[in-house]
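Enquirer: Pasting in a structure now, in structure tokens, and then I'll have a few things to ask.
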Amino acid sequence: MFTGIIQALGEIETLAEVDGDVRLSIRSAGLPFAEYAVGESIAVNGVCLTATALREDGFDTDVSTETLAVTSLAGLQQGSRVNLEPAMSLGDRLGGHLVSGHVDCTGRVLDIHEDARSLRIGIEMPSDYARYVAHKGSVCVDGVSLTVNSVSANRFDLNIIPHTAETTTIGGYTPGTVVNIEVDLLARYLERLLTRDADGISLEFLKAHGYV
């Protein structure tokens, strides 16, 4: 599990095709790689990946064809910057929200506007997943835990403060940028509960017990 609080930026040092998959070598000065072990999970742009080799200044990881097909990682190139977050430990502060590192879909940046010192960013996402995004709810974009400012059909808007723009890849977004999106886990489980009529759980049941 992750929190959506990016701990470092990394740079793609090399990409190599290995039997149809891709092996990434990522360099970063912002994480204590000497404290990690091979096999640990590190989220790269919100995608949970396994460290297959560790160095003082980075790590290697393999990306499967399935992951390449459903995330934006297929568009990475040598020199691309990526958001990095190691898996959380019990007792860590949960500064963002619970993030699994299992990307639901990709979205596309529609527009970017300055709003005082912040940025207003509009993102389009597939309609099948738009129902999980709510006004003032949480969403994870490229591994960053963010609050939704507004929702309209299959579009949602974000307010990005200067700190987030400077310390993540979001500051480099342009219209057309493809991003990884993971919707709120609670929204997914709530939908599952609402469809389990056999267990007597309905919207009325949740309202009566203070959940809605």
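Enquirer: Is there a residue in the range 6-20 that is over 23 Å from V141 (Cβ atoms), among the charged types (D, E, K, R) and surrounded by 14 or more Cβ atoms within 10 Å (Cβ to Cβ)?
Expert: yes
Enquirer: When both residues are 6+ apart or on different chains and their Cβ atoms are under 6 Å apart, which pairs have a first residue that lies in the range 106-122 and is within 21 Å of G75 (Cα to Cα), and a second that is in a loop (DSSP other than H, G, I, E, B)?
Expert: As it stands, the answer is G107/M125; V109/Y173; V109/P175; V109/T177; D111/P175, since those pairs meet every condition given.
Enquirer: Can you tell me which residue within the range 57-66, out of those that are closer than 27 Å to E35 by Cα and of a type in the set (S, T, N, Q), is surrounded by the fewest Cβ atoms within 10 Å (Cβ to Cβ)? Working first, answer last.
Expert: Of the range 57-66, the ones closer than 27 Å to E35 by Cα are 57-64.
With the extra rule that they be of a type in the set (S, T, N, Q), the set shrinks to 61, 64.
Numbers: T61: 19, S64: 12.
By that ranking, first place goes to S64.
Enquirer: I would also like to ask the following. If we scan the range 141-151, do we find a residue that is at positive phi, in contact with a helix residue (DSSP H, G or I) (Cβ under 8 Å, 6 or more places away or on another chain) and either at pLDDT below 95 or not acidic (D, E) (or both)?
Expert: Here is the first cut: in the range 141-151, the ones at positive phi are 142-143.
Imposing the further condition that a residue be in contact with a helix residue (DSSP H, G or I) (Cβ under 8 Å, 6 or more places away or on another chain) reduces the set to 142.
Filter once more, keeping what is either at pLDDT below 95 or not acidic (D, E) (or both): none.
No.
Enquirer: Please enumerate the residues belonging to the range 111-128 that are within 16 Å of N180 (Cβ to Cβ) and modelled with pLDDT of 95 or more. Before you say what the answer is, go through the steps one by one.
Expert: Of the residues in the range 111-128, the ones within 16 Å of N180 (Cβ to Cβ) are 121, 123-126, 128.
Within the range 111-128, I121, I123, E124, M125, P126 qualify.
Enquirer: Taking the options I121, I112, name whichever one is outside the structural domain of L76 (by TED's automatic domain parsing), crowded, with 21+ Cβ neighbours inside 10 Å and in contact with a Leu (Cβ under 9 Å, 6 or more places away or on another chain). Walk me through it before giving the result.
Expert: Values: I112 fails: crowded, with 21+ Cβ neighbours inside 10 Å.
Being outside the structural domain of L76 (by TED's automatic domain parsing), crowded, with 21+ Cβ neighbours inside 10 Å and in contact with a Leu (Cβ under 9 Å, 6 or more places away or on another chain) holds for just one of I121, I112, which is I121.
Enquirer: If you don't mind, there's one more thing I want to ask. What's the number of the only condition in (1) surrounded by fewer than 10 Cβ atoms within 10 Å (Cβ to Cβ); (2) closer than 27 Å to F2 by Cα; (3) at pLDDT below 75 that Y189 fails to meet?
Expert: Failed condition: (1).
Enquirer: Here's a follow-up. Take the conditions under 19 Å from the mean Cα position of the chain (by Cα) and among the basic types (K, R) and apply them to R81. Does it pass? Give the derivation first.
Expert: Working: under 19 Å from the mean Cα position of the chain (by Cα): yes; among the basic types (K, R): yes.
The answer is yes for R81.
Enquirer: Now for a separate question. Can you pull out the residues in the range 138-183 that are surrounded by fewer than 13 Cβ atoms within 10 Å (Cβ to Cβ) and either assigned to a strand (DSSP E or B) or in the same structural domain as V44 (by TED's automatic domain parsing) (or both)?
Expert: Quick first cut of the range 138-183, residues surrounded by fewer than 13 Cβ atoms within 10 Å (Cβ to Cβ) only: 152-153, 161-163, 166, 172, 174-176.
Hit for the range 138-183 is S152, nothing else.
Enquirer: Between residues in the range 6-33 that are touching a residue at least 24 places away in the same chain (Cβ under 8 Å) and residues that are of a type in the set (D, E, K, R) and buried (at least 18 other Cβ atoms within 10 Å of the Cβ), which pairs lie under 7 Å by C-beta distance while being six or more apart or on different chains?
Expert: I6/E85; Q7/E85; R23/D60; L24/D60; S25/D60
Enquirer: Just to verify a result, which residue in the range 83-102, among those that are loosely packed, with under 15 Cβ neighbours inside 10 Å and among the hydrophobic types (A, V, I, L, M, F, W, C), is nearest to T3 (Cα to Cα)?
Expert: Once the filter is applied, the top-ranked residue is L94.
Enquirer: Right, another one. So, in the range 108-153, of the ones that are in contact with a Pro (Cβ under 8 Å, 6 or more places away or on another chain) and not acidic (D, E), which residue ends up nearest to A165 (Cα to Cα)? I'd like the intermediate steps shown before the answer.
Expert: The first filter runs over the range 108-153 and keeps only residues in contact with a Pro (Cβ under 8 Å, 6 or more places away or on another chain), leaving 109-112, 117-118.
Cutting the leftovers down to not acidic (D, E) gives us 109-110, 112, 117-118.
Values: V109: 15, L110: 17, I112: 12, R117: 10, S118: 8 Å.
It comes out as S118.
The values are calculated or read from the model by the stated rules, or taken from the named source; none is laboratory data. Remember, it's a predicted structure, so these values are computed and weren't measured experimentally. Note that each Cβ is placed from the backbone with ideal geometry, even for glycine, and that neighbours are counted across all protein chains shown.
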